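Taken together, the values in this text are just the output of simple stated rules run on the coordinates, not laboratory data. Remember, it's a predicted structure, so these values are computed and weren't measured experimentally. Quick reminder, even Gly has a Cβ in these numbers, built from the backbone with ideal geometry, and neighbours come from all protein chains shown.
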Amino acid sequence: MPQRTPLYQNHVRAGARLVEFAGWEMPVQYEGLLAEHEAVRTRVGLFDVSHMGEVIFRGPKALEALSKVFTNDVGKIVDGQAQYGCLCRDTGGIVDDVVVYRRGAEDLLVCVNAGNRQKDFEWLASHAGGADVSNESDAWSQLALQGPLAAQLLQRLTKVNLSQLRSYRFAPGEVAGIACLVARTGYTGEDGFELFCEASKGPAVWDALLEAGKPEKIQPAGLGARDSLRLEMAYRLYGSDMDDSTTPLEAGLAWVVKLDKGDFVGRAALQRQREQGLAKKLVGFTLTDPGIPRHGYAVQQDGRKVGDVTSGTKSPSLGTSVGLAYVPTALAAEGSTFAVEIRGRAAAARVVKTPFYVRK
Amino acid sequence: MEIPQDLRYTREHEWARNKGGRIVVGITDFAQDQLGDVVYVELPDVGDPVKKGEAFGVVESTKAVSELFAPISGKVLEVNAPLSDAPETINEDPYEEGWMIVIEPSDPKDLEALMDAKAYQAFVDEQAH
C-alpha cells in the first residue's frame with residue numbers, strides 16, 4: 001500500500017488524479033498539467049510536497065557532522081539560511097540531493113527526496129559523528145506555494161516580512177495562525193515559498209491558502225506540473241537524472257561541490273575525478289526534429305549508442321522539446337549535436353545552455 | 001464521460017465511425033481524459049496499410065507515450081494533418097475535430113466485431129474499478 005500525506009483528503013476533494021510516486025499516492029494533476037504549469041509561471045500554484053522527508057541534526061556536533069557528509073560548504077551559511085548540495089558515497093556516487101536549512105548551529109534540518117527517506121536517514125545516522133540525528137519525516141507537512149503572485153498572497157496570511165526574506169532564507173512564523181517555517185525556496189524556477197508545519201496542520205494551511213488565494217486565481221498543482229516546471233529550469237531529479245552510480249560532477253552539480261572546504265565523504269573520489277576528467281556529463285538539449293525525448297531513450301552518434309536521456313518533455317512554456325542526457329564529454333559543449341532514438345527513428349538534438357526557461 | 005451511440009469502440013479506447021463505407025478513427029473521451037494534455041501526435045502517411053490491433057501511430061501527453069491501435073485493417077485514405085500543430089484538439093473535441101485517420105477497410109465486417117456504445121460503457125465502468 002502506498003503511503004498518503006496528511007493532505008490526501010484535500011486532494012480527493014479538489015478532484016485530483018492520484019498516482020503512485022516513490023511509494024506515495026500523490027496528485028499528478030487537478031485541472032490539467034498545462035493549466036497548472038501556466039498558473040505557476042504566471043500567477044501562483046500550490047503543491048503538496050509532504051512526501052519529502054526531514055532529517056534533523058541536533059547538538060554541539062551537528063554542524064561538523066553534517067559538513068562531513070555534505071558536498072557544499074554548510075559552514076558558510078548563517079541561521080535562517082538554506083543551502084543546496086549532495087550527500088555522496090565514498091565513490092562520489094550521489095546518495096541524494098538535499099536542501100539544508102540552518103535553524104541554528106546545533107539544529108539543522110535536511111530536506112530529502114521522498115523515495116530516499118529511509119536510505120538517507122540510515123546513511124546520515126551512520127555518519128552522525130556524535131550528533132543527534134532523527135528522522136522527523138512523518139512529523140511534518142510541507143507545502144510549496146510557487147509563482148510570481150505567491151509573495152503578495154502569502155503576505156496577507158503571515159506577519160513574517162516577506163520583502164525582507166531573500167531567496168534561500170527562511171524564518172519561523174505563523175501562516176493563517178499556524179506555526180510554520182516559511183522558506184523562500186522551491187523547485188519551479190519561480191519566486192515562491194516552501195512552508196513546513198506540523199503534519200496534522202497541513203490541511204488547514206492548504207485550505208487557508210486556497211481560500212485566501214482566490215483573488216490571485218491560485219491553482220492546486222500536481223507532480224506533473226512540478227516535473228515540467230523543474231525540467232524547464234534543468235533542475236535535476238534524483239532517480240531520473242542522477243543516482244548512486246553518478247557523481248555530482250557528472251551531473252553538472254560541480255557548483256555545490258566544495259573540494260577545498262575540508263574533508264567529506266566522497267571528497268577523494270571527486271577530487272580524483274576532477275583531475276582525471278569526466279567520461280560523461282549531463283547536458284541540456286533541445287530536439288531539432290519532431291518528437292518528445294523521454295527518460296531511458298538512447299543518445300546516438302553515427303548510429304551507435306553513446307549515452308542516455310534522463311529526462312525529457314515538451315516544454316509547456318517554450319513549446320519545444322527539451323531534455324537532459326548523459327553524453328560523452330566530447331559531445332557536451334553547447335552547440336554539439338547528436339541524435340535521440342525515438343521509436344527506432346533518429347531525431348536530431350543540439351546541446352543548449354540551461355536553464356531552458358528564463359524567468360521574464 | 002461522453003460515449004456517442006453511433007460509434008464502435010476498441011479495448012484500447014479508439015473509436016471508429018462508418019462514414020459511407022470509409023472508417024474514421026480517433027480516441028475516446030475516456031482515453032483523452034486518462035492521457036491528460038496531449039502535446040504530440042505521430043500519424044501514418046496516406047496510403048500506408050494498417051492492421052487490426054496493430055499500432056498505427058503514437059499520441060503523447062506531457063507525461064506519457066501511448067500507441068494508437070487500428071480498430072480494423074485497411075489502407076489510410078486521409079490523415080488529420082492539423083493535429084500535429086494542434087494536438088490539444090484531441091482533448092478538446094475527441095470525436096469530431098480530433099479525428100486521426102480515415103481507413104479504407106479491407107473487410108467491411110471488421111467493424112461489426114468492435115464494441116458498441118453500450119458494451120464500451122460497461123468496459124470503461126469495469127476499468128474504473
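Is the C-alpha gyration tensor of the stretch B:16-127 telling us rounded, prolate or oblate? Criteria: a/c under 1.5 is rounded; beyond that, a/b larger than b/c is prolate, otherwise oblate. The shape class here is oblate.
Here the extension length gained between B:Arg22 and B:Glu2 equals 4.9 nm, from 0.36 nm per residue of separation less the Cα-Cα distance. Restricting the stretch A:305-348 to trypsin sites (Lys or Arg not before Pro) that sit in a DSSP loop and have at most 13 other Cβ atoms within 10 Å of their own Cβ leaves A:Arg343.
Per-residue Cβ neighbour counts within 10 Å put A:Trp24, A:Trp255, B:Trp15 in the sequence A:Trp255, A:Trp24, B:Trp15, beginning with the fewest.
Top mean-square fluctuation among A:Gly266, A:Gly192, A:Gly75, Gaussian network model of chain A, C-alpha springs under 10 Å? In the Gaussian network model the winner is A:Gly75.
Across B:Pro94, B:Pro49, B:Pro82, mean-square fluctuation computed from a Gaussian network of chain B (C-alpha pairs under 10 Å connected) peaks at B:Pro82. The ranking of A:Thr313, A:Thr71, A:Thr246 by Cβ neighbour count inside 10 Å, starting from the fewest, reads A:Thr246, A:Thr313, A:Thr71. Full extension of the chain between A:Gln3 and A:Arg274 gives 93.6 nm of extra length, using 0.36 nm per residue less the Cα-Cα distance.
Distant-in-sequence amide contacts of A:Val112, defined by a placed amide H-H separation under 5 Å and a gap of 5 or more residues or a different chain, comprise A:Gly53, A:Glu54, A:Val55. The trypsin sites (Lys or Arg not before Pro) of the stretch A:194-248 meeting both criteria, a DSSP state outside H, G, I, E and B (loop) and at most 15 other C-beta atoms within 10 angstrom of the site's C-beta, are A:Lys217. If R0 equals 45 Å, the separation of the Cβ atoms of B:Glu78 and A:Lys305 corresponds to a calculated FRET efficiency of about 0.75. Taking amide hydrogens as placed 1.01 Å from N in the peptide plane, the amide H of A:Glu198 sits under 5 Å from those of A:Ser141, each at least 5 positions away in sequence or on another chain. Centre-to-centre, using Cα atoms only, the stretch A:118-162 and the stretch A:1-31 are separated by 20 Å. Summing +1 for each Lys or Arg and -1 for each Asp or Glu among the other residues whose beta-carbon sits under 12 angstrom from that of A:Arg41 gives -2. What the Cβ-Cβ distance of B:Phe123 and B:Ala86 gives, at R0 = 30 Å and to the nearest 0.05, is a FRET efficiency of 0.55. Summarising the strand pairing of the stretch A:279-352, around 100 percent of its internal DSSP beta bridges are antiparallel. The trypsin sites (Lys or Arg not before Pro) of the stretch A:111-159 that meet both conditions, a loop assignment by DSSP and at most 16 other Cβ atoms within 10 Å of the site Cβ, are A:Arg156, A:Lys159. Exposed loop GluC sites (Glu not before Pro) only (DSSP loop, at most 12 other Cβ atoms within 10 Å): please give the longest stretch of chain B free of them, not including the sites. Value returned for the longest uninterrupted segment is B:3-53. Remark: spin-label model distance B:Asp48-A:Ser134 equals 6.0 nm, labels positioned 7 Å along the Cα→Cβ axis. Just give me a number: lysine pairs in the stretch B:1-120, eight or more positions apart or cross-chain, with C-alpha atoms less than 24 Å apart. Close lysine pairs under the 24 Å cut-off: 12.
The Cβ shell under 9 Å around A:Leu324 holds other residues with a net charge of 0, Lys and Arg each +1, Asp and Glu each -1. Per residue, chain B reaches -4500 deg cm²/dmol at 222 nm when only DSSP H runs of four or more residues are counted, each adding -39500 (n - 2.57). Estimated at 0.36 nm per residue, the fully extended path between A:Lys61 and A:Thr288 surpasses their Cα-Cα distance by 76.5 nm.
A Förster radius of 22 Å combined with the Cβ-Cβ distance from A:Gln164 to A:Ala105 puts the calculated FRET efficiency at roughly 0.50. Legend: ranking of residues A:Phe196, A:Phe21 from fewest to most surrounding C-beta atoms inside 10 Å; resulting order A:Phe21, A:Phe196. Between the amide H of A:Val95 and those of A:Leu87, A:Cys88, A:Arg89, distances stay under 5 Å, these residues lying 5 or more places away or on another chain, with hydrogens modeled in the peptide plane. Give me the percent of DSSP beta bridges within the protein assembly as shown that run antiparallel, rounded to the nearest 5. Around 95 percent of the beta bridges assigned by DSSP in the protein assembly as shown are antiparallel ones. Estimated from helical segments only, the mean residue ellipticity of chain A at 222 nm is -5000 deg cm²/dmol, where each DSSP H run of four or more residues counts as -39500 (n - 2.57). Straight-distance candidates among the lysines for linking to A:Lys258, with alpha-carbon spacing under 18 Å and chain neighbours fewer than 8 residues away dropped: A:Lys68, A:Lys76. Counted by Cβ distance under 10 Å from B:Val58, the other residues give a net charge of -2, where Lys and Arg count +1 and Asp and Glu count -1. Running a GNM on chain A with Cα contacts under 10 Å, which residue among A:Glu36, A:Glu54, A:Glu106 ends up with the highest mean-square fluctuation? The residue with the greatest mean-square fluctuation here is A:Glu106. Classification of chain A by its C-alpha gyration tensor yields an oblate form. The axis ratio a/c (a ≥ b ≥ c) is 1.5 or more, and b/c is at least a/b.
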